[in-house]
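Presented below is the structure to which this report refers.
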Amino acid sequence: MLSDKIQLMSESRGWWFNDVTKEYCDALLSIGVDIDSDFAQFYLHVEDSATFYSRNQEIYQICWFSINSNYQLDLKRTYDSLKIPQNYIPLDNFEGGGGYFYNKDTEEVLFVSLGEKLNEFLNGRLIPQWKNFNMFIEWFFELDD
């Protein structure tokens, strides 16, 4: 369940939508996301535009990108070039040599950059910075206290 902070922030900005579209559900299912996860609930109900911007960075509105771009090809390229396991979903375009990834199995989120951090991640030594998607979104939108 999404935190109250996230829902209140989304409602106050006019980003919250109660109705869930089949198209958005299908987009998440196509990339193996559990519809009941906080990740899915965020992307099914919250939308500003194709991306969300905060902390001088952008993250995708995953459903929008899945439907309106060649997101499946982007996923394949990410997995092939970075050797990132397929249970990790990129949340951005890895601009500047780093990006956020959501683990659809554990619901953790981590930031990975090229070089040492990527090697640590691939060798199982990089600890996710956020224990769940709520914590990440609250941090991203500066809602954490």
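The values are calculated or read from the model by the stated rules, or taken from the named source; none is laboratory data. Please read all numbers here as calculations on a predicted model, not as lab measurements. Every residue, glycine among them, receives a Cβ derived from its backbone with ideal geometry; neighbour counts consider all protein chains shown. Only protein heavy atoms, including side chains, enter the accessible area calculation; ligands, DNA and RNA are left aside. Shrake-Rupley method; radii C 1.70, N 1.55, O 1.52, S 1.80 Å.
The table for this structure:
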read-out: Net lengthening on full extension, Asp74/Asn119 (0.36 nm per residue, minus Cα-Cα); value: 14.1 nm
read-out: Two-decimal Rg/Rh across the stretch 1-61, once Rg and the Kirkwood Rh are taken from alpha-carbon atoms; value: 0.95
read-out: Sites matching GluC sites (Glu not before Pro) across the stretch 108-145 that sit in DSSP coil, with at most 11 neighbouring C-beta atoms within 10 Å; value: Glu142
read-out: Where trypsin sites (Lys or Arg not before Pro) fall in DSSP loop in the stretch 1-53, at most 12 other Cβ within 10 Å; value: Arg13
read-out: Cα gyration tensor of the stretch 70-129 - equivalent ellipsoid semi-axes, whole Å, descending; value: 16, 13, 11
read-out: Calculated log₁₀ intensity ratio I(q)/I(0) where the Debye formula runs over C-alpha points of the stretch 35-96, q = 0.20, 0.23, 0.25, 0.28 Å⁻¹; value: -0.87, -1.10, -1.22, -1.32
read-out: Size of charge dipole - the stretch 84-126 - debye, nearest 20, with Cβ of Lys, Arg +1 and Asp, Glu -1, no other charges; value: 100 debye
read-out: The chain: equivalent-ellipsoid semi-axes (sqrt of 5 x gyration tensor eigenvalues, Cα, Å); value: 24, 18, 14
read-out: FRET efficiency, 1/(1 + (r/R0)^6) with R0 41 Å, evaluated for Lys5 and Gln86 via beta carbons; value: 0.85
read-out: Solvent-accessible surface ranking, highest first, for Val109, Val20 at 1.4 angstrom; value: Val20, Val109
read-out: Neighbour cut-off at most 13 other Cβ (10 Å), DSSP loop, trypsin sites (Lys or Arg not before Pro), the stretch 28-77; value: Arg55
read-out: Cβ charges +1 (Lys, Arg) and -1 (Asp, Glu), total dipole of the stretch 1-99, debye; value: 280 debye
read-out: Count of lysine pairs in the stretch 1-134 with Cα separation under 24 Å (8 or more residues apart, or interchain); value: 11
